[in-house]
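Chemist: The structure follows.
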Amino acid sequence: MGISRGSVYYLPGKINAVDLSLMNRIDELHLEHPFMGARMLRDQLILDGFAVGRKHVGTLMKRMGVAALYQKPGTSKRHPGHTIYPYLLRGMTIKRANQVWALDTTYIRMAKGFVYLIAVVDWASRKVLASKVTITLEACHAVEVLQEAFNRYGTPDSINTDQGSQFTAEEFVKAVKNRGCRLSMDGRGSWRDNVIIERLWKTVKYERVYLHAYDSVNEARKSIMEYLEWYNRCRPHSKLDKRTPDEAYAVMLPTVEQAA
């Protein structure tokens, strides 16, 4: 119809207060115990005072885009018709900026409803290269964030994702291949394969998201983008010798001789 996606904001269909509370608690439990499937989450939720069955927990997990990480494809639902690429990082020493980028998407709760956060992270420096708050898990958002990172920071050797349908979609794979990057995907049931960005999600949620009750998509977007900017510029990491991601990225960029 000629209407820009960016000019129209749509919240997912109304969710009752009980389901929203369930989803928020599932998010917390999944962050702490990613191996929990629908049955174990149901048991934990019952202990928390929720009256819920396994099938309903499974339905909510699918809506959130999360899955248990034991003998499962990853944190997003895999599309049965898409090609899955092998994991290429096992045994690799990652010490350079732009050597490996990681992409992932996570559920972000609001006061009434939810959105998703997608980000591109430089593996070696932990720097968030590009990010976006979205209302759906479509591949176009992954492509947009990746292209933003390309435009601002160049091209990495490899890009690692989980096996979610937004990352196995043809348009995303094409965007990676057209830049000459190797595409790597997490192995079955191995959240550690993309551990750098999983740690980012935990940091973002505990230091920003869980401290707020966002009333709108715009409010969530503004708050999270402000946090990620601060994270890059001002938050030292023990794994980076107390440097910030911005500082580490600048130091870890390869020299012209190394790049050649």
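Chemist: Can you say whether R182 is at pLDDT 95 or above, in contact with a helix residue (DSSP H, G or I) (Cβ under 6 Å, 6 or more places away or on another chain), surrounded by fewer than 18 Cβ atoms within 10 Å (Cβ to Cβ) and of a type outside the set (V, I, T), as far as the supplied structure shows?
Modeler: No: the conditions fail for R182.
Chemist: Okay, moving on. Which one is surrounded by the most Cβ atoms within 10 Å (Cβ to Cβ) among residues in the range 37-92 that are among the polar types (S, T, N, Q) and at pLDDT 75 or above?
Modeler: My answer is Q44.
Chemist: Then there's this: Looking only at residues that are closer than 19 Å to E32 by Cβ and acidic (D, E) in the range 194-240, which one is modelled with the lowest pLDDT?
Modeler: Here is the first cut: in the range 194-240, the ones closer than 19 Å to E32 by Cβ are 194-211.
After this cut, where a residue has to be acidic (D, E) as well, the list is 198, 207.
Details: E198: 86, E207: 95.
Residue satisfying both the conditions and the ranking: E198.
Chemist: If you don't mind, there's one more thing I want to ask. In this structure, is K112 in contact with a His (Cβ under 7 Å, 6 or more places away or on another chain) and more than 18 Å from M185 (Cβ to Cβ)?
Modeler: No, not satisfied.
Chemist: Of all residues being of a type in the set (D, E, K, R) and modelled with pLDDT of 85 or more in the range 6-31, which is nearest to E144 (Cα to Cα)? Just the residue, please.
Modeler: Of everything passing the filter in the range 6-31, D27 is nearest to E144 (Cα to Cα).
Chemist: Which condition from (1) at negative phi; (2) not in a strand (DSSP E or B); (3) not basic (K, R) is the one that A102 breaks?
Modeler: (2)
The values are calculated or read from the model by the stated rules, or taken from the named source; none is laboratory data. Remember, it's a predicted structure, so these values are computed and weren't measured experimentally. We place every Cβ from the backbone using ideal geometry, glycine too, and count neighbours over all the protein chains shown.
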